[in-house]
Structures are given as structure tokens and as C-alpha cells.
Amino acid sequence: MTPAETQALKNRCIRWVSGFAPRSFADDLESVAAWARSNAVSADVYGDGGAVELLEQRVAGLLGKPAAVFMPSGVMAQLIALRLHADDKRLPRFGMHATCHLATEEEQAFSHVMGLHATFLGQAHRTLNRRDLEQPAEALSSVVLELPARVIGGQSPSWDELGAIKDWAAETGTRLHLDGARLWEAAAWYGKTYAEIAAGAGTVYVSTYKGLGGFSGALLAGDERAMAQARVWRRRMGGTIFQLAPLAASAAYRLDERLALMPRLFERTVAVVEALSRVSGIRINPAAPHANMFHVHMDGEVQRLIDARNAIAESDGLWLFNAARATGSPGRAVAEIYVGDNLLAMSDEGVAEAFARLIAFANQE
């Protein structure tokens, strides 16, 4: 099937295991407009005032930081953070995990755009720990820590290990930058507030669409001086467009609702993972989830699993997963599941039975 045909099949389904219930673009626009009208929220002018300022202040407060700056994209937010730390330390080298988004998805922008150099830390299959940070022979201006780390199934370091990482950063004078693209999803497992998680980090990036469901965008939070500099860099990079309010408002209007839902989504994740773990031919990573996301490792070749997924979608109107990729082990593939409100109305047994059928279909002679 072509990508367009695959999307059309997904759209015809009436149930989806992963993510939040789909809404039309027009419905979303109407919801944002109604929220702005009822709350007397105005537009910004080149990033100042209105919905942008409202969201910046709210998120800065949630993260326990003095200030925050809205950015059109997370890529921009993180490049700016790393540049600020490098300039402050007069050191263009930073550290990151091998699966970091900056390394795998951004065409080496940290080097080509910002002139920075990266040192890879830790091992690709697990989260960073303090010992990993103590290994490099060269000094680092900053270290990027992704919470939770998507590529390894949404894992995060334990609370004690996170504290040890923060202690190391303070002791060495190395800036800690939190890649919090999915930080909203991390608090339920830790049982801590967002401010407690972000404490000790010089800068924190959070997405406004991955968990919150906004149209697009991100926020970078930190101290007043750093955020003033971040505004200058946003302009330099073309991110201070005439009005950012549509992006900011689309996240602000459902911010409280989505954050309040996160603990329930995590509880649902724990139950679903337990059910799927009993299905023959399936392994879950991590075995005990750290967030409302996880990876399903499945017996079967990638294309046969996709064909089986499509067959179930056609017959049952049930969409089991989006993309699948090879794991490096012959005859095994992996798919990511993000637990949104789609799964709240589905039983554990129903999900497990559907994946059992998937494995059977993909491995039949």
C-alpha cells in the first residue's frame, strides 16, 4: 500500500490503540477560537503578549523556572539552549545519548547551524547515568538528558539516578539541559511535580503538541537572563514571526485537561502492558513502563506484520500501530505505542486478543 492508501485505511477505522482520538482540523480551530473568546485571549505581536505570554508564564510556573520562551519548533528550542550554554562556558562541545533526537533526526543541525561538537555518552539500549557522564576525557559545556527517552521505549533514569546526574552537573559546573519533548508524560511514574523533575536543569524544553495536542511548537524555560538571550536567538533563526498565537493558543486551551489526564493514562499503560506481556510472540520494552508509552517487540517480518495490521484494520476497524521497523534480530520487529485516550474505552483483553491475532496472521505458513 502507498502512504496515502495506508492513511486512508487508518482513517476508516473506528478504534485506534495508540494516541488520542482524532479530531478534524476545522473542529480544532473552532475549539481554539471558542476558548480564546471565552477567556478574552488576544493575539501576540512578534511573540510578545496575548496567548504566547499566557502560555509562557503558565509553563514557566509548572517547570519551576523564572521564564519561558515560545518557539515554533523543538529543534529551534534545543539548538538555542545548547548555543547559550556553549557561549556561557566558551566551550563548543556538549554531551548526548546516542539515541538523542539531535543526533538522529535533525541532519546534524547542532554542527552545521550552531558550530557545536557532540560527544556521545552511555549505551544505546539504556538511559544515561552518572557514571556515563564521568567518562569523557574532554570537558563539556552541557549535557542533554531526554526524559523520557523515546527511542528506548520511554525509559527514564530512576529518581535517585536523576538526582545523581543533577549532582554531577552541579559539582562539575556542566549545564544540564532537559529534552522534555515528552516531559508531561514523565511525572506520573516519578510521582513528582514537573518543577521537582526540572529542578537543577539550566534549561528545559517541552513540546506543545506531542502530549498537549497543540498544532505545533515548543517552549524553552530557564532563568531570566538565558531566556532574554533565547529571544534574540529566536529572531536570528527566523522564529519570531508576526503572530505565534495560533500555535500557542492551540496548546494553552487544552493544557490543564491533558495534564490532568496523564496519571490516568499511565495507570492504563501499566494494565495494558501487563496484558500484552502474556501474549506469545510479544515482548514489551520496558517491561514495567516509565511513561504512557512503550515499545512492542513482535515475532514476524516487518512487512508481514504490516500486512496483518492492515487485514485487521479492514475486518475490525481497529488500528493496532502506526509504523513498524526491524530490530536487528532476524524475524522480529518493533512498534511504538503511545497511550492516549483511545485506549481508555478498550479492554485489556480486547487489546491482547487483537495483538495475538496479529502475531498469528504474520507468522502463518
Exercise for the section: Quick one: among Ser329, Ser31, Ser277, which has the greatest mean-square fluctuation in a GNM of the chain with alpha-carbon springs under 10 angstrom? Expected result: Ser329
Exercise for the section: Can you pull the one-decimal nm distance between simple spin-label points at Thr327 and His125, each 7 Å off the Cα toward Cβ? Expected result: 1.1 nm
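Report the trypsin sites (Lys or Arg not before Pro) located in the stretch 182-224 that are in a DSSP loop and have at most 16 other Cβ atoms inside 10 Å of their Cβ, or state none. If you can, show how the numbers build up before the last one.
On the way: sites: Arg182, Lys192, Lys210; in loops: Arg182, Lys192, Lys210.
Within the stretch 182-224, the qualifying trypsin sites (Lys or Arg not before Pro) (loop, at most 16 other Cβ atoms within 10 Å) are Lys192.
Please find the FRET efficiency linking Arg93 to Ala287, where r is the Cβ-Cβ separation and R0 is fixed at 35 Å, and quote it to the nearest 0.05.
0.50
Taking R0 as 45 Å, what FRET efficiency do you get between Ala8 and Gln57 from their Cβ-Cβ distance, rounded to the nearest 0.05?
Values: r = 42 Å, r/R0 = 0.93.
Efficiency, rounded to the nearest 0.05: 0.60.
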Problem - Leading residue at positive end of dipole, the chain (Cβ point charges), from Ala34, Gln78, Ala188 - result: Gln78
Handout entry: Rounded percent of accessible protein surface that carbon and sulfur make up, the chain, 1.4 Å probe
Key = 51 percent
Practice task
Tell me what the chain gives for mean residue ellipticity at 222 nm when only DSSP H runs of n ≥ 4 count, each as -39,500 (n - 2.57), the sum divided by the residue total, rounded to 500 deg cm²/dmol.
Solution key: -13500 deg cm²/dmol
Completion exercise
Per GNM of the chain with C-alpha springs under 10 angstrom, the most fluctuating residue out of Arg126, Arg225, Arg258 is Arg225
Practice task
Could you pull out the chymotrypsin sites (Phe, Trp or Tyr not before Pro) across the stretch 228-327 that fall in loop regions by DSSP (anything but H, G, I, E, B) with no more than 14 other Cβ atoms inside 10 Å?
Solution key: Phe242
Handout entry: Difference of contour (0.36 nm per residue) and Cα-Cα distance, Asp167 to Ser73
Key = 30.9 nm
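Assign unit charges at the C-beta atoms only (+1 for Lys and Arg, -1 for Asp and Glu), then state the dipole size of the stretch 274-360 relative to its Cα centre in Debye, rounded to the nearest 20.
Working: 7 positive and 11 negative charges, 70 e Å.
With Lys and Arg at +1 and Asp and Glu at -1, about 340 debye.
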Fill in the blank from the handout: Residue-ordered couplings for the stretch 147-164, obtained by feeding phi - 60° into the Karplus form 6.51 cos²θ - 1.76 cosθ + 1.60 and rounding to whole Hz (Gly and Pro as x), are 10, x, 8, 5, 5, 10, x, x, 7, 9, x, 4, 4, 5, 5, 4, x, 5
Completion exercise
Whole-Hz Karplus couplings 3J(HN,Hα) for the stretch 73-89, θ = phi - 60° and coefficients 6.51, -1.76, 1.60, Gly and Pro as x, run 8, x, 4, 4, 4, 6, 4, 5, 4, 5, 5, 4, 5, 5, 5, 4, 8
Completion exercise
Going residue by residue through the stretch 295-302, the Karplus relation 6.51 cos²θ - 1.76 cosθ + 1.60 with θ = phi - 60° gives ³J(HN,Hα) values, rounded to whole Hz and with x marking Gly or Pro, of 10, 9, 8, 10, 5, x, 6, 3
Completion exercise
To the nearest Å², the heavy-atom accessible area per residue of the chain with 1.4 Å probe amounts to 44 Å²
Handout entry: Selected from Arg236, Arg83, Arg254 as most flexible by GNM, with the chain as the system and alpha-carbon contacts under 10 Å
Key = Arg236
Problem - Inter-label distance for Asp160 and Met346, nm, one decimal - labels placed 7 Å from Cα along Cα-to-Cβ - result: 3.7 nm
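The values are calculated or read from the model by the stated rules, or taken from the named source; none is laboratory data. The model shown is predicted, which means the values in this text are computed figures rather than measured ones. Reconstructed Cβ throughout: ideal geometry from the backbone, glycine too, with neighbour counts over all protein chains shown. To get the accessible areas, we keep the full protein, side chains included, count just its heavy atoms, and leave off ligands, DNA and RNA. Shrake-Rupley method; radii C 1.70, N 1.55, O 1.52, S 1.80 Å.
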